[in-house]
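Notes follow once the structure below has been shown.
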Amino acid sequence: MSETPIRTRLWREEAEPGDPFTAAAAFCQGYDVYGEMLGRARWADMIHLLLCGEAPTPDRGRLLDALAVALANPGPRDPMVHAAMCGGVGGSTAASTLMAALAVGAGQLGGGREVMLAMERWRDCGTDLAAWERQLRDPQASKTSSWPDAEHPAGFSPNGAVTATPVKQTLACLAGLASGAELRWLAEQREKLEEIAGLPLSMSGVAAAAYVELGLSPAQGEMLHLLLRLPGAAAHALEQQELGFKNFPFYANDLQLDSEAV
């Protein structure tokens, strides 16, 4: 009986002798994962290898590590984390709690879709300030998607009055680590871009520039952004599961039971 090959350029396996269903060795883009990488490679190395097909340069590895720290926990104010907290306090399973976080974190308000749109602007505009101004003045001009119209320019905070300190700190750190032009240009032009947009830069805008710097496509950046923000969602969900609904940090002073309606 002929063997049907599993077609993927990402991964190759060699079967254990006598057991074709179990791998004796696994290779990611040609690298022996368990024989060579394990214990030597960093998490960032593996992620970059999977998405980009090659090991990162030292600069890119440090950049991805720093970005992962910055995005690991968006905090309980973030809609994605809040969704996970609701799942945790409501007794949902781990899988459904994370799916709730991903569903909320996939959108155009600080989520994966916003990052994708911001990366598409980088693809179209590069470091041409005039091109950025044209797109920021008319963000729907190149819309070709079935998604609803974005309510604000991707990468900027629709509710912000000033640029958040963590956003500025993250941009300064990543620009210092970057070997390319995008993050340094964003740091230099931030105030001008904010003036054009009429809004402060958001963390998703910094992340989008970092993904471009890492050589990711908009689709890859969208996917990675969802993954990098999950740890905080998971941790807050577990915390709320332990604390219970009476200690949920939101709306406690605004919810009143109406005994006559029960």
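Below is a table of values for the structure above.
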{"item": "Positive-end residue, the chain charge dipole about Cα centroid, Cβ charges, pick of G35, P148, L63", "result": "L63"}
{"item": "Three-way shape label, region 68-233, alpha-carbon gyration tensor, a/c 1.5", "result": "prolate"}
{"item": "Sorted by Cβ density within 10 Å, fewest first, the residues I6, I47", "result": "I6, I47"}
{"item": "Placed amide H near A55: partners under 5 Å, 5+ positions off or other chain", "result": "none"}
{"item": "Calculated [θ] (222 nm, deg cm²/dmol) that DSSP helices of n ≥ 4 give over the chain, each run adding -39,500 (n - 2.57)", "result": "-16000 deg cm²/dmol"}
{"item": "Sequence ranges 184-193, 12-21, ranked by mean other-Cβ count within 10 angstrom, highest first", "result": "184-193, 12-21"}
{"item": "Contact order normalised by residue count of the chain, Cα under 8 Å, 6+ apart, percent", "result": "25"}
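A short reminder: the numbers here are calculations on the coordinates, not readings from a lab. Everything numeric in this text was worked out from a predicted model, so none of it was measured. Cβ atoms come from the backbone with ideal geometry, glycine included; neighbour counts cover every protein chain shown.
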